[in-house]
Structures are given as C-alpha cells and as structure tokens.
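Report on the following structure.
Here, each number is a calculation from the coordinates, and none is a lab measurement. Keep in mind it's a predicted model, so treat the numbers as computed, not measured. Virtual Cβ from ideal backbone geometry, glycine too; neighbours counted across all protein chains shown.
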Amino acid sequence: MRAGALRHFLVIEAPTDISEVPGEVTLAWREVGRVWASVDQVGGLEAMRAGAPEAVGMFRIRLRPLADVRFKATWRAKLGDRVFEFQGPPRDYGQKGRELEVMAQEVEP
C-alpha cells in the first residue's frame, strides 16, 4: 500500500469491563494503538433502530499491522468523533503480512 493512501489517523480500541460498584460491570474502551489507515465507504443500507429508519454506512479500513498487536473482530476504530465497529476479523490483504483489511460499520459514539 502506498503511504499516501494512509491519510486517516485512527485510534484502535478494545472493549474492557470495569467495575466501579461491586456486582456492577460497565463496558469501557481502552486504547490499543494508533495507526495511519485508509477509510473508504463501500456501501450503505437503511436499518430500523428503535422503530425508526436509520442510515448505516459500511466502510473498508486498510492499515498496516501494529507490532505485537493481533487485531480482533470485537474492536473498533475512532477517527476524531467518528466511531467504526469492526464487522469481522481483519484479513491479511495481499497475503504478505504488510497490510490488514477490515470491514466496519459507522456507529453513534
């Protein structure tokens, strides 16, 4: 992948459970790393949420692997105020270990 295509600086986050009150667990996100990536919208659809139609954007994110980090399908990426939830495990794009591709859905933060 050409470095010029990697024009978006993403924060990669993993879910973690925190317990501030005994017996109560809350989902929080912790930063795993930061990486330059390409983020391209590849489609969209209309879904029903809370009884109302809502537009959903699907995106392809391509990035270089982070050292000592194995990406997981439960993670997400943040681009400023925008949040992209991974829709499956990343795949080794090109089968050379130099670039990962993951499909993601933009969600409300």
So Phe71, is it surrounded by 14 or more Cβ atoms within 10 Å (Cβ to Cβ) and under 14 Å from Val35 (Cα atoms): yes
Residues of the range 19-35 classified as over 15 Å from Phe71 (Cβ atoms) and within 21 Å of the chain's Cα centre (by Cα), total: 3
Residue list for the range 81-93, filter: over 20 Å from Leu45 (Cβ atoms) and touching a strand residue (DSSP E or B) at 6+ places or on another chain (Cβ under 9 Å): Pro89, Pro90, Arg91, Asp92, Tyr93
Count - residues of the range 15-42 that are farther than 16 Å from Val83 by Cβ and either among the hydrophobic types (A, V, I, L, M, F, W, C) or free of Cβ contacts under 8 Å to residues at least 12 places away in the same chain (or both): 12
Yes/no for Ala104 being under 26 Å from Ala28 (Cβ atoms) and either part of a strand (DSSP E or B) or touching a helix residue (DSSP H, G or I) at 6+ places or on another chain (Cβ under 8 Å) (or both): yes
The range 82-99, subset of a type in the set (Lys, Arg) and in a loop (DSSP other than H, G, I, E, B), residue surrounded by the most Cβ atoms within 10 Å (Cβ to Cβ): Arg98
Scan of the range 37-68 for residues that are surrounded by 13 or more Cβ atoms within 10 Å (Cβ to Cβ) and of a type outside the set (D, E, K, R), ordered by number: Ala37, Ser38, Val39, Gly44, Val56, Gly57, Met58, Phe59, Ile61, Leu63, Pro65, Leu66
Ile12 closer than 20 Å to Thr74 by Cα and free of Cβ contacts under 8 Å to residues at least 24 places away in the same chain: no
